[in-house]
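What follows is calculated from the coordinates using simple rules that are stated; it is not laboratory data. A quick note: this is a predicted structure, and the numbers were derived from the prediction, not measured. Here the Cβ positions follow ideal geometry from the backbone for every residue, glycine too, while neighbour counts run over all protein chains shown.
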Amino acid sequence: MKAALFRPAVVLAAALSLAGCGRYGEIRLPALDEPAESGAWRWTAHPAPVMPRGAPGAWDSIDTLNPSVWNRNGLLWNLYSGYDGKTWRTGLATSADGLAWRRAGEVLSPDPHTWEGTYIGANGAVIYWQGGWLYFYQAGDPPRIGLARSADGRTWTRLPHPVLEFGPRGSWDERALADPYVFPAGGRLFLYYLGENRARQQQLGLASSTDGVSWTKLRSGPVLEPGEPDSMDENGLGEPAVFASHGSYWMIFTGRSRNEVRRLGMARSRDGVHWERLPLVIQGESDWNSQVICDPTVEVTPAKVRVWFGGGDVAHPVENIHGQIGYGELAWAPAGG
């Protein structure tokens, strides 16, 4: 997940009393027009961070992580998370090329007088949809998923309640919800997110909505579960990023190994529900992201898939990882090419 879900305080008895039932149903992403192509993705990464940590004493001075990038009329908007050693906040940065970013300051801070408590948004998903900006974020302890709206991408109004609640007692997401990633398709929004059960197992699930406020969860449960012992995600997985390309849906996700080293994995699907893991594992290649590479967000272009991600040099599941934001690209190599 994006940072704070892994705090020891996430599993609280109070979650049982807050668990909700919500709506459940069958969900599938729209059928893809083209046949699934055979081939493989090849990864290359920019060697240095494209967004380093903020200046000493700044709100994002300890960790700069969790990018969420959206292209609006040729300008890239990035709602990212910053940590100053005490509090996580959400900030805005913009860029023309995705490499040089201009910070615009923080845009969301926790409101202790609401359901958010003292924690907000060390994770979020921003999109421009139906004439306005939507930002889905995690907040609270244990976390749930909320929604903020904006007309200009700079001034945000939060809904007074979460838009996605805990599952019922005994469900796979009864104890925590986090890591929202929203994929618009066919006039609907599809939300991939992390859920945690009472055994602290973290898995990925799916919900859909027509307005971003009222959601239906997939009745069959999680769509991706942790890997086998000694795998890159045996301790859990989260932070999904989903896109369509070359006749398939693809997911990039963060995996946590036994020693809390984090890497990115990939999976492939035709319907957005049934996923097949790929052998590709993306790990940090430089000193600054040697222990953690996480938090992917993507932009699909005709020539490549652009990926921004968080990285750090400390293997820790929460914060203080010297987090910075990096950039890489996925290029498609057709089979036999």
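Per-structure values
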| quantity | calculated |
| --- | --- |
| Kirkwood Rh and Cα Rg combined as Rg/Rh, region 175-268 | 0.98 |
| The chain - share of DSSP beta bridges that are antiparallel (%, nearest 5) | 95 percent |
| Y24 versus E276: modelled label distance in nm, points set 7 Å from Cα along the beta carbon direction | 2.8 nm |
| Over the chain: Kirkwood hydrodynamic radius from C-alpha pairwise inverse distances, Å | 19.6 Å |
| Sequence-separation-based contact order of region 264-308, relative, with Cα cut under 8 Å and 6+ spacing, percent | 25 percent |
| Ascending count of other beta-carbon atoms within 10 Å, so fewest first, for S81, S68, S209 | S209, S68, S81 |
| Mean ellipticity per residue at 222 nm, deg cm²/dmol - from DSSP H runs of n ≥ 4 across the chain, formula -39500 (n - 2.57) | -500 deg cm²/dmol |
| About the Cα centre, charge dipole magnitude for the chain (Lys/Arg +1, Asp/Glu -1 at Cβ), debye | 500 debye |
